[in-house]
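Right, one structure below, let's go through it.
The values are calculated or read from the model by the stated rules, or taken from the named source; none is laboratory data. The structure displayed is predicted, hence computed values, not measured ones. Virtual Cβ from ideal backbone geometry, glycine too; neighbours counted across all protein chains shown.
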Amino acid sequence: MKKLIFILFVLSNVAYAQYEDFKIDALLTPKHKGVVITVGGEQADIHGFSNESIQLAVNALPVEGGTVKLNAGIFELKDAVRLRSNVKLIGSGPATILKRAEGFKSRLIDDADIGELKLMVEDASGFEAGMSVQIWDEHWSSCWNVSAGAITDIAENILYIDSYLVRDYRADKNGWVSNAGSGVLIKDAENVFVSDFVIDGNKEHHESVDGCNGGGVAIFKSRNVTIDKIHVKDFNGEGITWQITENITVQNCEIEGSANMGMHPGTGSPKSRILNNNSHHNSVDGMFICWRVHHSVVKGNQFHHNGRYGICTGHKDTDVIFEDNHIFENGSDGVNLRNENSRNSPHHNTFTNNLIENNGQKGEGYGFAIYSAPQYLVIKDNTIRDTGKGTQKAGVFLRNDAPEVTIEGNKISGHVKGNVIEEK
């Protein structure tokens with residue numbers, strides 16, 4: 001046990017700086033590794049193709065953990081697959097598809113108050129026990145103000161849920177309940193590994209999922225989690241989101257067609273490793289780095305054809321290395337350092353050996369747009385170019401009061417407004 005604790009300590013303090021893709025197997029006990037439960041089909045331990053079938057396997061694992069192996073097939077998700085500590089969830093490649101069920105929502109007809117566990121709705125016909133829910137009104141409608149949980153029981157038009165409401169939601173202020181939810185949910189857990197399957201968000205037929213409460217893969221208040229070779233497509237929300245976490249690795253994943261961000265690390269998530277992913281054709285950003293993501297690595301990724309920015313970073317996002325990424329043909333800026341004051345700007349960040357080209361596809365943009373006031377920002381040995389499309393108007397745009405930025409060794413070319421320009 002002491003040896004395991006030592007391994008965890010070492011990994012949490014040095015792996016992010018070494019760019020190494022350590023394997024979760026190194027963190028698991030022999031007993032954890034030995035238990036495997038298969039799901040999907042007549043030859044599996046559990047035959048069904050649903051989130052209930054997968055959850056049954058997860059819950060059947062011993063306290064020490066183990067592996068749930070998903071066979072090829074389409075698994076319908078009426079709720080997220082909820083993972084706990086020391087669990088591995090492994091698919092069989094692209095033929096294993098976890099698909100969100102059809103969306104449904106209904107108005108509240110009575111106020112739903114903070115700390116309450118029941119919801120009186122206008123129409124309960126589309127809800128089922130075990131189904132995920134999100135609750136909001138026109139005043140409390142985003143992020144941590146949205147409540148999320150699952151239905152435990154239904155009596156006529158009253159839904160009973162498993163999580164206390166976090167706000168007062170008023171029926172006369174357009175209070176709503178929907179069956180929106182994540183694909184895979186990891187909450188209050190550690191030493192989790194997820195790999196090798198597709199999450200189909202069924203975007204056209206599923207209700208919107210708030211990004212601080214869910215995503216194709218959603219990780220909250222957890223540590224030592226690896227998401228590897230997961231393809232999230234057409235999710236009505238954020239592809240992969242992780243909030244209030246430590247030591248999260250997202251690698252070799254493809255995230256496309258999300259109705260919000262492709263990836264969203266945030267709310268105090270140090271030591272994230274974002275490696276060799278392809279985030280594209282998402283409605284907003286390829287990756288939105290939220291508040292207090294620090295001492296992390298973003299390496300070898302592609303961010304392209306996203307609706308706004310390839311990468312957006314800002315509030316206290318410090319000591320992050322961005323290396324060997326290809327950021328191209330996004331709607332506005334390739335990299336956007338959003339508007340923050342000098343104390344809250346993203347300090348001590350380094351961009352090196354990235355290729356940033358032809359952004360601004362929705363009108364115009366910059367390779368780098370620096371609207372904050374970062375200290376010790378380094379932009380070095382990158383290729384920043386417009387290859388004749390005329391949309392990426394400048395290589396680097398600087399706010400007029402930005403501190404000195406180290407810009408050296410870059411190959412910057414083809415911009416109609418100049419290589420490096422300052423706000424006038």
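Hey, any hits in the range 119-133 for a residue that's crowded, with 20+ Cβ neighbours inside 10 Å, part of a loop (DSSP other than H, G, I, E, B) and in contact with a Cys (Cβ under 8 Å, 6 or more places away or on another chain)? Within the range 119-133, none of the residues are crowded, with 20+ Cβ neighbours inside 10 Å, part of a loop (DSSP other than H, G, I, E, B) and in contact with a Cys (Cβ under 8 Å, 6 or more places away or on another chain). Checking every residue in the range 403-412 against the condition of being buried (at least 19 other Cβ atoms within 10 Å of the Cβ), of a type in the set (A, V, I, L, M, F, W, C) and under 21 Å from the mean Cα position of the chain (by Cα) gives zero matches. Residues satisfying the criterion are absent from the range 104-116 (criterion: under 30 Å from residue 228 (Cβ atoms), within 27 Å of the chain's Cα centre (by Cα) and of a type outside the set (Gly, Ala, Ser)). Of all residues in the range 396-411, those satisfying the criterion of being modelled with pLDDT of 95 or more and either outside the structural domain of residue 320 (by TED's automatic domain parsing) or touching a Ser or Thr at 6+ places or on another chain (Cβ under 8 Å) (or both) are 410, 411.
If you go through the range 137-191 and pick out every residue that is under 19 Å from the mean Cα position of the chain (by Cα) and among the hydrophobic types (A, V, I, L, M, F, W, C), you end up with 9. Among residues of the range 201-234 being touching a Phe, Trp or Tyr at 6+ places or on another chain (Cβ under 6 Å) and in a loop (DSSP other than H, G, I, E, B), the one that is farthest from residue 270 (Cα to Cα) is 201. Candidates are the residues of the range 366-395 that are part of a loop (DSSP other than H, G, I, E, B) and surrounded by fewer than 17 Cβ atoms within 10 Å (Cβ to Cβ); the one that is farthest from the chain's Cα centre (by Cα) is 388.
State the number of residues belonging to the range 38-48 that are without any contact (Cβ under 8 Å) to a residue 40 or more places away in the chain and buried (at least 23 other Cβ atoms within 10 Å of the Cβ). If you could, list the steps in order and put the result at the bottom.
Initial filter on the range 38-48 (without any contact (Cβ under 8 Å) to a residue 40 or more places away in the chain): 38-39, 41-48.
Imposing the further condition that a residue be buried (at least 23 other Cβ atoms within 10 Å of the Cβ) reduces the set to 39.
The qualifying residues number 1.
Within the range 243-262, the residues that satisfy the criterion of being out of contact with any Ser or Thr (no Cβ under 6 Å at 6 or more places or on another chain) and buried (at least 24 other Cβ atoms within 10 Å of the Cβ) are 250, 253, 258, 261.
In summary, residue 360 fulfils each of the numbered conditions (1) over 22 Å from the mean Cα position of the chain (by Cα); (2) surrounded by fewer than 22 Cβ atoms within 10 Å (Cβ to Cβ); (3) in contact (Cβ under 8 Å) with a residue 24 or more places away in the chain with the single exception of condition (2).
Beta carbons closer than 8 Å, at least 6 apart along the sequence or on distinct chains, pair a first residue in the range 190-209 that is in contact (Cβ under 8 Å) with a residue 12 or more places away in the chain with a second that is aromatic (Phe, Trp, Tyr) for 199/235; 201/235; 203/235; 207/104; 209/235.
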